[in-house]
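Structure first, then comments.
The values are calculated or read from the model by the stated rules, or taken from the named source; none is laboratory data. Here the structure is a predicted model, which is why all the values come from computation and not from measurement. Because the Cβ atoms are built from the backbone with ideal geometry, glycine has one as well, and the counts that use them run over all protein chains shown.
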Amino acid sequence: MSDLIGSTARMVGGLKASRGLVSSSSRLVPEEVPIAFSYGGTTHAVMMATPDDLEDFAVGFSLAEGIIESAEDVLAIDPIEVGEGIDVQVTLKEMTAEALVARRRRMAGPVGCGLCGIESIEQASRPVRLVGAEGLRITAREIADAMVRLGAAQDLNCQTRAVHGAGFYIAGQGLVAIREDVGRHNALDKLVGAVVIGGWDPAQGAVVVTSRLSVEMVQKTAALGAPLLIAISAPTALAIRTAAQAGITLIGIARDEDFEIFTRPDRVAEGVALHV
């Protein structure tokens, strides 16, 4: 195995100041390297990320960005270490690859606006998938349980205190999948891939994250098809509008059994009123 692929953290030395005294110290810090996703030999996006769970990452990113419709559209994933980074070469089914090439041709010309995999303002505000699961309910106790389990399951964060986590929670089963990364978007992409590859039904559970709720987090949750998105922090205004369009129940500032519901409160079993 290479030095980068699959690596999550390394020990570093330093100095620690405490109560006016300085001493030598060491601690684990997470790895962060450039990771490129290439399709048909052409690089589509490059992100700074923790270089593990790369198969999940590739499938999740491809699904969330609309490059593929299902994991079956991917024929092979081959991570290759290139210098100080990793090129994840993704082989797609012929029709899927042709559709991606056609999309690239349509996008030729626009200046990149800085979002992962996005090359125009129109793409940044693209319509989101409408999520169903009308009969799904979650209780305040389950919301609290999901957040507690996510924190406890973050092995890398417990070691480094420097990475985000994203988990998939199913009532009655608990946290069935968790992924971590230095980037919150990356952690969610990895989770999307893990859920799809693992065969769990996205419509039967909740995505739980340790970060704030930006619009990209809502878009990726909608692409997965999960009806609930729960976070420890607050959402942005655009995230709330996008969640409403997607039919996603957006729950923020979730700590213990206290939380705020910003969209679709009908999925919370206690019938808590909509946040205004």
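Helices (runs of 4 or more DSSP H) fully within the range 76-191 that include at least 2 residues being modelled with pLDDT under 95, of a type in the set (Val, Ile, Thr) and more than 18 Å from the chain's Cα centre (by Cα): 94-107.
If you go through the range 1-24 and keep only what is free of Cβ contacts under 8 Å to residues at least 40 places away in the same chain, of a type in the set (A, V, I, L, M) and surrounded by 10 or more Cβ atoms within 10 Å (Cβ to Cβ), you end up with just VAL12.
Looking at the range 1-52, the strands (runs of 3 or more DSSP E) lying wholly inside it that each contain 1 or more residues that are modelled with pLDDT of 95 or more, in the same structural domain as LYS93 (by TED's automatic domain parsing) and among the aromatic types (Phe, Trp, Tyr) sit at 33-39. Quick check on my filter: what residues within the range 25-42 are among the hydrophobic types (A, V, I, L, M, F, W, C) and either closer than 27 Å to ARG161 by Cβ or surrounded by fewer than 18 Cβ atoms within 10 Å (Cβ to Cβ) (or both)? Result: LEU28, VAL29, VAL33, ILE35, ALA36. Which residues, counting only those in the range 32-67, are touching a Pro at 6+ places or on another chain (Cβ under 7 Å) and among the aliphatic types (A, V, I, L, M)? Across the range 32-67, the qualifying residues are VAL33, ILE35, VAL46, MET48, LEU54.
Residue check: GLU216 meets all listed conditions (1) in contact with a helix residue (DSSP H, G or I) (Cβ under 7 Å, 6 or more places away or on another chain); (2) among the acidic types (Asp, Glu); (3) under 24 Å from GLY174 (Cβ atoms) but one, namely (3).
Within the range 79-104, residues that are under 14 Å from TYR39 (Cβ atoms) sit with their Cβ atoms under 8 Å from residues that are assigned to a loop (DSSP other than H, G, I, E, B) and acidic (Asp, Glu), at 6+ positions apart or across chains, in these pairs: THR96/GLU69.
Counting only residues that are surrounded by fewer than 18 Cβ atoms within 10 Å (Cβ to Cβ) and of a type in the set (A, V, I, L, M, F, W, C), the range 43-70 holds 2 of them. From the list SER211, SER233, the one residue that fits, being surrounded by fewer than 23 Cβ atoms within 10 Å (Cβ to Cβ) and under 13 Å from the mean Cα position of the chain (by Cα), is SER211.
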